[in-house]
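To start, the structure itself, in structure tokens.
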Amino acid sequence: MGKPSKEFISPKTLIPPAGYSHIAKVNRGTIVYLAGQVSSDASGKLIGEGNFEAQVEQVFRNLKIAVEAAGGTMADIVKLNIYLVAAVDQAEVPKLRAIRNRYVNVESPPASTLVVVSRLAQP
């Protein structure tokens with residue numbers, strides 16, 4: 001039997017990660033890149049204006065739709081890049097993680113990066 005198609009690794013010699021894996025290694029299979037998952041529905045309507053949790057929930061719903069359209073599942077995700085606008089209070093980050101954890105495999109979480117930016121191209 002060969003290696004699994006993907007491995008999530010967090011070496012004990014690195015700082016323990018908080019809800020992500022240090023390394024996501026794809027050994028075989030198809031790689032799909034996704035972009036532009038914002039808190040809008042299929043018609044382009046912004047969902048959850050002024051409501052951080054509603055917006056995060058919509059983003060992950062859209063991400064799930066996109067992953068499934070490519071023939072995958074949320075458990076197949078090996079890397080997440082999350083961009084927050086600077087206006088978001090850092091106290092909201094645990095809410096983001098709680099919503100994310102309902103969608104991703106928390107036992108082997110994807111490698112993840114959270115970036116704070118001044119604004120997004122689309123809300």
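Worth a mention:
- Annotation: of all residues in segment 87-104 being among the aliphatic types (A, V, I, L, M), part of a helix (DSSP H, G or I) and in contact with a strand residue (DSSP E or B) (Cβ under 9 Å, 6 or more places away or on another chain), the one that is surrounded by the most Cβ atoms within 10 Å (Cβ to Cβ) is L96.
- Scanning segment 26-51 for residues that are more than 21 Å from A66 (Cβ to Cβ), surrounded by 10 or more Cβ atoms within 10 Å (Cβ to Cβ) and at pLDDT 90 or above yields a count of 2.
- Test: A75 is in a helix (DSSP H, G or I) and within 22 Å of E7 (Cβ to Cβ): yes
- Residue check: R61 meets all listed conditions (1) out of contact with any Leu (no Cβ under 7 Å at 6 or more places or on another chain); (2) farther than 17 Å from I31 by Cα; (3) outside any helix (DSSP H, G or I) but one, namely (3).
- Within segment 91-103, residues that are touching a residue at least 40 places away in the same chain (Cβ under 8 Å) sit with their Cβ atoms under 9 Å from residues that are of a type in the set (F, W, Y), at 6+ positions apart or across chains, in these pairs: E92/F52; K95/F52; L96/F52; I99/F60; R100/F60; R102/F60; Y103/F60.
- Any chance K6 is touching a residue at least 24 places away in the same chain (Cβ under 8 Å), within 19 Å of T113 (Cα to Cα), surrounded by 14 or more Cβ atoms within 10 Å (Cβ to Cβ) and more than 16 Å from the chain's Cα centre (by Cα): yes
- Whenever a residue of segment 11-27 is in a loop (DSSP other than H, G, I, E, B), its partners that are small (G, A, S) and loosely packed, with under 10 Cβ neighbours inside 10 Å, lying with C-beta atoms within less than 8 angstrom and at least six residues away or across chains, give the pairs N27/G2.
- Close pairs from segment 109-121: first closer than 8 Å to A86 by Cβ, partner aliphatic (A, V, I, L, M) and not in a strand (DSSP E or B), Cβ under 6 Å, at least 6 apart: V116/A86; S118/A86
- Qualifying residue in segment 83-94 (condition: modelled with pLDDT of 95 or more and closer than 25 Å to I31 by Cβ): yes
- Search result, residues across segment 48-58 that are part of a loop (DSSP other than H, G, I, E, B) and closer than 21 Å to P94 by Cβ: G48, G50, N51
The values are calculated or read from the model by the stated rules, or taken from the named source; none is laboratory data. These numbers were taken from a predicted model, which means no experiment stands behind them. Cβ sites come from the backbone with ideal geometry, for glycine too, and all protein chains shown count toward neighbours.
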